[in-house]
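Working notes, structure below.
The values are calculated or read from the model by the stated rules, or taken from the named source; none is laboratory data. Everything quoted here is computed from the prediction, not taken from an experiment. Note that each Cβ is placed from the backbone with ideal geometry, even for glycine, and that neighbours are counted across all protein chains shown.
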Amino acid sequence: MVGWLIDAIKKDYQPPISKVKVGKFNDYVQREYDFDKLEKKLLGWE
């Protein structure tokens with residue numbers, strides 16, 4: 001372990017670049033809410 005660490009420091013070790021697939025599940029225009037109005041409806045004030 002120590003030998004690997006010394007070698008990594010000497011050779012300027014860089015972590016591997018990961019290949020993560022990015023899904024399009026959350027790629028949409030989200031709604032905008034009026035939270036004050038929703039809260040009033042929830043509490044029965046309106």
By residue number, the members of the chain that are of a type in the set (Asp, Glu) and assigned to a loop (DSSP other than H, G, I, E, B) are Asp12, Asp27, Glu32, Asp34, Glu46
*Can you find even one residue in segment 30-38 that is surrounded by 10 or more Cβ atoms within 10 Å (Cβ to Cβ), at pLDDT 85 or above and either small (Gly, Ala, Ser) or over 22 Å from the mean Cα position of the chain (by Cα) (or both)?*
yes
Expected output for segment 24-46 (first residue at negative phi, partner in a loop (DSSP other than H, G, I, E, B) and surrounded by fewer than 10 Cβ atoms within 10 Å (Cβ to Cβ), Cβ below 6 Å, 6+ apart or cross-chain) is Lys40/Glu46
